[in-house]
Every structure is written in structure tokens, then in C-alpha cells.
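Read-outs: derived from the displayed coordinates by stated rules, not from any lab. In this text the structure is predicted, and so the values were computed from the model without any measurement. We place every Cβ from the backbone using ideal geometry, glycine too, and count neighbours over all the protein chains shown.
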Amino acid sequence: MGLDMYLSKKTYVQNWSHMAPKERHSVTVKRGGVDVPHIKPKRVSYIVELIHSWRKANQIHRWFVENVQGGVDNCEEYFVSRDNLKELLQECRRAIENKESASDILPTASGCFFGSTDYDEYYFQDIEETAEMLEKLFEEEPENQCDFYYQSSW
């Protein structure tokens, strides 16, 4: 048990009759090189990808709860705007550059199975990994092509 956290990307791929051929998506799901019979590609409307997962990065979780979830910590899935993610990246960079003020920038959160609340190497490692992931995400993902979601469980 513990605080597990997930950032996912959801891309709409439903095809419609009014779409030009170059706008249409092709979805194929195979197992062992063979089509999976119970998944009907024509009925697939979204592709969901796991972008990143964290384990007991309670300072990141607290940021999502306060800035995305309206202060409600209930393990449900929440839409995260690109601007939200840019703000998180800025806060991660600020905490990395101002380690003595990190507790004010990205404070930890205590909770059952949330892990350490120390401002130690693991705290900063989670922040650095989050910043690197977000920088790469913004380089790779075109704007307005997908939606992002955050969910936690413990």
C-alpha cells in the first residue's frame, strides 16, 4: 500500500463520416501478431496513455490536490490543463533552484501511506524527475491534440 499517482494522456480518435481520409485514424490492437477479436477498432473513441507514475511523491500529489482538485483528495480522476502542467513545471524548477525555500514552494503532505515528509534527496529526486518528464512532454506533445488527467490511489 502507498500513495500511487498517475498522469495520463487521452487522445480522441473516433472517425466520423464527414472527416476527410487524411483526418481519419487507424486503430489496430494485436496480441501475438493476431487481431484481438473482442476489441472492435471502429468503436475505439479514445487512446489512453500512461505518461508518468509516481510512488509516494506526496509534494507533487499535494500540488495536484491544491491546484487541480480544488482541495479535494478523493482518488478520482481529474482533468489537468496544459497550463496546469506548465505551472507545475515552473514550481518544480523554482524548488530545484531554491532548495532552501522548497518547503514553501512544494510542501510535503502527510497521510496514511504517503511516505516521508523530509526535504531530503528523495524529495528533490521526485521534483527533478517531474520537471524532466514535463519538459519532454511539452517538446513531444502538440497543443490541442489531447487531454491530460491525474489520478491517485492509496
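Output the qualifying pairs, or none if there are none: Cβ atoms under 8 angstrom, residues six or more apart or on different chains, first residue in region 1-22 and in contact (Cβ under 8 Å) with a residue 12 or more places away in the chain and loosely packed, with under 10 Cβ neighbours inside 10 Å, second residue of a type in the set (A, V, I, L, M, F, W, C) and in a loop (DSSP other than H, G, I, E, B). So the pair list comes out as Met1/Phe113; Met1/Trp154. Only residues that are within 25 Å of Gly2 (Cβ to Cβ) and either under 14 Å from the mean Cα position of the chain (by Cα) or touching a residue at least 24 places away in the same chain (Cβ under 8 Å) (or both) were counted across region 117-145, and they come to 13. Just one of the listed residues (Val65, Val72) is farther than 20 Å from Lys136 by Cα, among the aliphatic types (A, V, I, L, M) and touching a residue at least 40 places away in the same chain (Cβ under 8 Å), and it is Val65.
Would a scan of region 125-145 turn up a residue that is on the phi > 0 side of the Ramachandran plot and polar (S, T, N, Q)?
Within region 125-145, the first condition is being on the phi > 0 side of the Ramachandran plot, and the residues that meet it are 144.
Applying the additional criterion that residues be polar (S, T, N, Q) yields 144.
Looking for residues that are on the phi > 0 side of the Ramachandran plot and polar (S, T, N, Q), one finds at least one in region 125-145, hence yes.
Looking across region 80-105, the residues that are crowded, with 17+ Cβ neighbours inside 10 Å and of a type in the set (Val, Ile, Thr) come down to Val80, Ile105.
I need the full set of residues from region 95-116 which are of a type in the set (Ser, Thr, Tyr) and over 22 Å from the mean Cα position of the chain (by Cα), in order please. Please lay out each step first, then the result.
Keep residues of region 95-116 that are of a type in the set (Ser, Thr, Tyr), which gives 101, 103, 108, 110, 116.
Matches in region 95-116: Ser101, Ser103.
Would you be able to say whether some residue in region 45-52 is over 21 Å from Lys136 (Cβ atoms) and in contact with a Gly (Cβ under 8 Å, 6 or more places away or on another chain)? Talk me through it step by step, then tell me what you get.
Taking region 45-52 first, the residues over 21 Å from Lys136 (Cβ atoms) are 45-46.
From what is left, the residues that are in contact with a Gly (Cβ under 8 Å, 6 or more places away or on another chain) are none.
Within region 45-52 (the criterion being over 21 Å from Lys136 (Cβ atoms) and in contact with a Gly (Cβ under 8 Å, 6 or more places away or on another chain)), the answer is no, since none of the residues qualifies.
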